[in-house]
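Colleague: Sharing a structure with you now.
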Amino acid sequence: MGKILGYCLGFLCLLIPLAAADWNILNQRTRNGLKISLKNYCVSWRMNVELHNTRDFEVVPEECTYYIGKYVRSTQYRVDSEIATEECLVYLSTSCNLKKDSRDAWIFDIDDTLLSTVPYYKENLYGGNKLNLTSLEEWMSKAKAPALDHSLKLFNELKSRGVQIILVSARREHLRAATIDNLVRVGYHGWAGLVLRDYADELVSVQKYKSDARKKLISEGYRIWGIVGDQYSSIEGLPSAGRTFKLPNPMYYVA
């Protein structure tokens, strides 16, 4: 009898926090009464991150870490990313009047744009754990991030057409050597510039830092035809580019 009571109490302890949550497996309805599954909820949460409706989140909802992890390892993630990069080439071929004077430029972010941090986030519940910057930078310093194949193909195609590739990353300056080593090791080479944050840049938002970097590039005579990034902070703000392209990333948010 005592064991049965113990099991019951243990089961209740599991149910109580679930019942208190805004979403839980015991209440599979939206606020408007629409019946949904946990998968519906998590797919919708991810979609609203990409639409920039869901912002400033520090962690992926606990209920959704499995679905987010499954997505960033899936064929769907690769297809979503590849279609975005294909649209870059359609735009380049139809709307960019390249002068081929070494001033036609295209900006790339690095993390989850050129290099994947999925191996790091796999060990951190795919965004379910709050970011530990020290831990992340230690992982980056090992220079083992894999390339994102769709971005590598776009990078090389742009370069072959005479476009100057500028990398503007929120990585800090002390990671420069490791970043270069990592990029070269997985196949990236021949970029025209690599902009990383110094101490002064850390005092402003990432969006302002990247906007200021673009302003400097334009003052140097570059025509920025496109920007590719996985965060809205990489592609928003003025001055902008002819067009911006967002790659999927539901694991974290950078303002």
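Colleague: So, with a 1.4 angstrom probe, what is the percent of accessible area on the chain that is carbon and sulfur?
Modeller: Roughly 56 percent of what the probe reaches on the chain is carbon or sulfur.
Colleague: Further question on the same structure: Suppose every K and R has +1 on its Cβ and every D and E has -1 on its Cβ; what is the size of the dipole of the chain about the Cα centre, in Debye to the nearest 20?
Modeller: 340 debye
Colleague: Amide H to amide H under 5 Å from residue 194: which residues, 5+ apart in sequence or cross-chain, H placed 1.01 Å off N in plane?
Modeller: 167
Colleague: For P(r) over Cα pairs in 10 Å bins from 0, in percent, which listed value, (i) 7, 23, 31, 21, 12, 6, 1, 0; (ii) 8, 33, 37, 17, 5, 0; (iii) 6, 27, 32, 18, 9, 4, 2, 1, 0, comes from the coordinates shown?
Modeller: Among (i) 7, 23, 31, 21, 12, 6, 1, 0; (ii) 8, 33, 37, 17, 5, 0; (iii) 6, 27, 32, 18, 9, 4, 2, 1, 0, the one derived from this structure is (iii).
Colleague: Counting only DSSP beta bridges with both residues in the chain, what percent are antiparallel, rounded to the nearest 5?
Modeller: If I count the DSSP bridges inside the chain, around 10 percent turn out antiparallel.
Colleague: Treating the range 179-255 as a set of equal point scatterers at the Cα positions, no solvent, please give the Debye-formula log₁₀ I(q)/I(0) at q = 0.11 Å⁻¹.
Modeller: Cα-only, vacuum Debye calculation for the range 179-255: -0.32.
Colleague: What's the ranking of 224-231, 145-152 by average number of surrounding C-beta atoms within 10 Å, highest first?
Modeller: 224-231, 145-152
Colleague: Still on this model: What aspartates and glutamates does residue 100 reach when the alpha-carbon gap must be under 19 Å and sequence neighbours fewer than 8 apart in one chain are set aside?
Modeller: Partners within reach: 157, 220.
Colleague: Filter the cross-link list 144/215; 99/153; 159/216 down to pairs whose alpha-carbon distance in this structure exceeds 24 Å.
Modeller: Going by Cα-Cα distance, 144/215 fall outside the 24 Å limit.
Colleague: Now, a different point. Which FRET efficiency, nearest 0.05, do residue 137 and residue 91 yield, Cβ-Cβ r, R0 22 Å?
Modeller: Computed FRET efficiency for residue 137 and residue 91: 0.05.
Colleague: Loop sites only, by DSSP: take the GluC sites (Glu not before Pro) in the chain that have at most 16 other C-beta atoms within 10 Å and name the longest stretch containing none of them.
Modeller: 124-219
Colleague: What's the center-to-center distance, using Cα atoms, between the range 94-130 and the range 223-255 in Å?
Modeller: Answer, in whole Å: 9.
Colleague: Tell me what the chain gives for mean residue ellipticity at 222 nm when only DSSP H runs of n ≥ 4 count, each as -39,500 (n - 2.57), the sum divided by the residue total, rounded to 500 deg cm²/dmol.
Modeller: Rounded to the nearest 500, the figure is -14000 deg cm²/dmol.
Colleague: Over the heavy atoms of residue 219, what accessible area does a 1.4 Å probe trace out, to the nearest 10 Å²?
Modeller: About 90 Å², rounded to the nearest 10.
Colleague: Separate question: Can you work out the FRET efficiency for the pair residue 50 and residue 238, with r the C-beta to C-beta distance and R0 = 25 Å, to the nearest 0.05?
Modeller: Calculated value: 0.65.
The values are calculated or read from the model by the stated rules, or taken from the named source; none is laboratory data. All figures in this text were calculated on a predicted structure; none of them were measured in a lab. Positions of Cβ are backbone-derived with ideal geometry, glycine not excepted, and every protein chain shown enters the neighbour counts. For the accessible areas, the whole protein counts, side chains as well, though only heavy atoms, and no ligand, DNA or RNA atoms are used. Shrake-Rupley method; radii C 1.70, N 1.55, O 1.52, S 1.80 Å.
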